[in-house]
Amino acid sequence: MSDLVKEQIMGESISAKVPLWEVRGIYKAFPGVQALNDVSMSIFPGEVHALVGENGSGKSTLAKCLAGVHQPDNGQILYQSQLVTIRNPLEARAHGVATIYQEFSLIPTLTVAENIYLGRYPISITGVIDWAAVRQGTRTILKQLSLTIDPDMVVKSLSVAEQQLVEIAKAISMESNLLIMDEPTAALGIVETEHLMELIRRLTSQNKAIIYISHRLDEVFQIADRVTILKDGKWVTTAPISQLKMSEMVHKMIGFDIEQHYPKERNTQPDTCLEVENLTTENGVNGVSFSIKVGEVFGLGGMLGSGRTEIARAIYGLDKIVSGNITLYGRPAKFHSPSQAVMAGVGMVPENRKSDGCFFNFEGPKNITISRLKELLRGPFLNLTIERNYGESYVKRMNIPATALERSVQFLSGGNQQKVIVARWLFSKARLLIMDEPTQGIDIGAKLEVYNVINELTASGISIILISSDFPELLAMSDRIGVVRDGHILHITDGHLMTEYQLIGMASGVGMDDDTERILAGAQ
Amino acid sequence: METISKFFRSTVAGPFVAFLLVATIASLATPRFLMVQNLSNVSLQVATVAVVAIGATLVILTGGIDLSPGSTVALVTCTLAILVKNMGLPLPIGVLLVLLMGIILGIINGVLSTYGKIPSFIVTLATMSIYRGLAFLITNGTPIFSVSPALEPLFYGKFIGIPLPFYYVVILYSLGALFLRNTIPGRAIYAVGGNESAARLTGIAVNRSRMMAFVIAGLTAAIGGVLLAAWLNSGSPNYGAELGLQSIAAAVIGGASLAGGYGSMIATLFGALTVAIVQNGLNLLAVPASWQEITLGIVIVLAVGLDMWRGEMGRGLSRLFRQPAPK
């Protein structure tokens, strides 16, 4: 008995000294960019090691080197002090590395259970796949995550948040000693995030190591043991989380100090921009009324699936309106299609900029001019020189890298892609802009720029409908907020008069019960 | 040097290299290839494929596909023959009517695939069958020869010593390139193929763009049909069987992506030239038709493969021609 205890202690003290995984002097270049430049880090068993840095700092590239997606140009990867070469994702998996990618790796047409066991289906004695075991195993894994998703559901019928959770479940179900999580909470709500945090703690207590990549620094402080900061592909520092302050971390990430997280300016003018009366749609919006002033930011606060996006869709002509009235600058504005909305001066910055926003077959200028090509007409023809000039001036104005002028926008970071889309609506002279999760998955520096852009837009008389799951951001950046639940606006109030606590309580419908309180306590 | 380096990274590089390669091989294999008479022949042979490939490229750019132009060509040659020879209509009126018919056939493809929401592959697979069936129906399955003495000069005529089809190709491709590069509907076609959802959200009438591509495809197929009828001074339900796939081949050799959004007129023209030179070269060498088909297939794989692998090769080539960037 005492020997066993001794051995365990011994084992622990050894494992505390020998890293489970280690990378030394990693270099990786892509055409035109040195993504990793002499980066080293070590990961110990049972630790949550956060990897932070701005977009393009090399976090994901480093993770992908460990996951076998990329092969470093130079440098060493060691597993339990042994040099290893990871040539592809299968080899990484054989070494016990499981990855949750930012981009989904699920197959949309298969069921949850089929996806989780993809490529390693258990075979019964008769030689066919043991579907009962697949379902049972899936249920067990989902239960660990406190998820109530049916294993037989087809993945594409799940919400984005649910898909993300299945993605996590899939990675966890693999026999692994290292779990790499790249922005695992980007699509999750508060409650799901809290479940994930609990799960991470449980995994580390089983001595698994976790590399946690996130832009949400509050999460990093909540869950990480140590932090490695990267900037421009270079290692900046590695430190225990207890030795770092938030402001310090931000400074190291972006290279300068941020005085204010939310530089809100109030630019509301007395005139009315949009008036929505008793709006009901086929897609679940039910008797919604509100108005927006010129230069105002109107926030729609609610949980995923509350109907906040559907309200925006109805205004933009995407969903069929059953009853109610909409006027824009005093004119009837019940649009039947986005092209009518665009013509009338409404623009949308969609939640998913990759699938709904960017044209990857276009360079920057064509992405910007697409919603107002008439501006480029000289006679019947588009003048490409004028387009190029506009492109240059907007790229400069929005502080987008000049490479966007020559190359496809797919090579831009998420934050810069977002700025290209905002530039598009600036160019089209939109007077009302719907911004759906404009800062999702972009880093602090770029977020700040988006906030400044919002200020600039409202100062020039553009009104904004802001949808965001980041409640502190929503409260700080909105002049007024409508709390949405079940397709209905429950309450409209000034942004600065409401606390995050109240907003969550109203939006989730739980009021101030224990669950909310616990979550809020955990978040602080 | 910078221009050369830029060229190897541009989208026209792949098809241009393919074209250069087959032209070089053809001229090495037979000295007759480079003779003026033969080059003039090539320009005749390339004309129909090239013209039909204009429409094929537009449809592919929107992310669709058109399998029917070969059948449209057949139906056009037969209709033109009947209108002019059997019904005695003046040739210009006949030509106008069959061009109109091409537009209508394109509208049918377009309406079914956009508003009818049937995938364009299925729609045009069906109309490919229907249009050719109609050609057999109206001719009772027999070709109509010696349509009109006025028809042949449309194809065999010359202007300043150069065959007319050369001018048709140059003019139509210039118009096509102008349309794609410098008009709003042209730009919209790229946008729809590049990201349909984003196109819709930026206010582009997606269905209208798709319709336009199919209508133009119908029109260019009809022009191709008129050219073929003039070339052979006849109409037959068996004409143009290979044109549908050859026009798609020209577009993909030209680097058009079947997913939509990528491709250009100039690149397709190089693609069409590649197809024509392969055929012409093998004709000169008296290679049997079966081997011509096999060779064309191999060229398609090589050309598209070349383009796919160009990522690495192009970088290597452009590195050769690039001066070191100042640090």
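Residues that are of a type in the set (Gly, Ala, Ser) and assigned to a helix (DSSP H, G or I) were ranked within the range A:159-198; the one that is farthest from A:Met303 (Cα to Cα) is A:Ser173. Within the range A:381-419, the set of residues being of a type in the set (Phe, Trp, Tyr), under 19 Å from B:Ala188 (Cα atoms) and away from chain B (no Cβ under 13 Å) comprises A:Tyr390 only.
Being under 30 Å from B:Ala188 (Cβ atoms) and either crowded, with 24+ Cβ neighbours inside 10 Å or among the aliphatic types (A, V, I, L, M) (or both), is that true of even one residue in the range B:24-47? Yes: the range B:24-47 contains one or more residues that are under 30 Å from B:Ala188 (Cβ atoms) and either crowded, with 24+ Cβ neighbours inside 10 Å or among the aliphatic types (A, V, I, L, M) (or both). The one condition from (1) free of Cβ contacts under 8 Å to residues at least 12 places away in the same chain; (2) over 27 Å from A:Gly505 (Cα atoms); (3) within 24 Å of the chain's Cα centre (by Cα) that A:Gln136 does not meet is (3).
Does A:Phe411 meet the test of being under 21 Å from the mean Cα position of the chain (by Cα) and aromatic (Phe, Trp, Tyr)? The answer is yes for A:Phe411.
In summary, B:Pro149 fulfils each of the numbered conditions (1) crowded, with 24+ Cβ neighbours inside 10 Å; (2) not in a helix (DSSP H, G or I) with the single exception of condition (1). Just to confirm my filter: which strands (runs of 3 or more DSSP E) fall fully inside the range A:208-256 and include at least 3 residues that are farther than 15 Å from A:Gly56 by Cα and without any contact (Cβ under 8 Å) to a residue 24 or more places away in the chain? In the range A:208-256, A:234-240 are the strands (runs of 3 or more DSSP E) which contain 3 or more residues that are farther than 15 Å from A:Gly56 by Cα and without any contact (Cβ under 8 Å) to a residue 24 or more places away in the chain. Checked against the criteria, A:Gln440 does not count as within 14 Å of chain B (Cβ to nearest Cβ), touching a Gly at 6+ places or on another chain (Cβ under 9 Å) and within 29 Å of A:Ser247 (Cα to Cα). Residue selection: B:Val170 fails the criterion of being crowded, with 19+ Cβ neighbours inside 10 Å and of a type in the set (A, V, I, L, M, F, W, C).
Among all residue pairs at least 6 apart or on different chains, which show Cβ distances below 7 Å where the first residue, located in the range A:61-81, is surrounded by fewer than 19 Cβ atoms within 10 Å (Cβ to Cβ) and the second is part of a helix (DSSP H, G or I)? Short answer, once both residue conditions are applied: A:Val69/A:Pro89. Exactly one residue out of A:Gly347, A:Gly317 is more than 25 Å from A:Asn267 (Cβ to Cβ) and buried (at least 19 other Cβ atoms within 10 Å of the Cβ), and it is A:Gly317. Just one of (1) under 16 Å from A:Gln164 (Cβ atoms); (2) of a type in the set (Ser, Thr, Tyr); (3) not in a loop (DSSP other than H, G, I, E, B) fails for A:Thr140. It is (1). Can you confirm whether the range B:66-87 contains a residue that is under 15 Å from the mean Cα position of the chain (by Cα) and farther than 20 Å from B:Phe136 by Cβ? For the range B:66-87, residues under 15 Å from the mean Cα position of the chain (by Cα) and farther than 20 Å from B:Phe136 by Cβ: present.
Read-outs throughout are calculated quantities, based only on the coordinates presented, and are distinct from any laboratory measurement. All of these numbers come straight from a predicted model, not from anything done at the bench. Note that each Cβ is placed from the backbone with ideal geometry, even for glycine, and that neighbours are counted across all protein chains shown.
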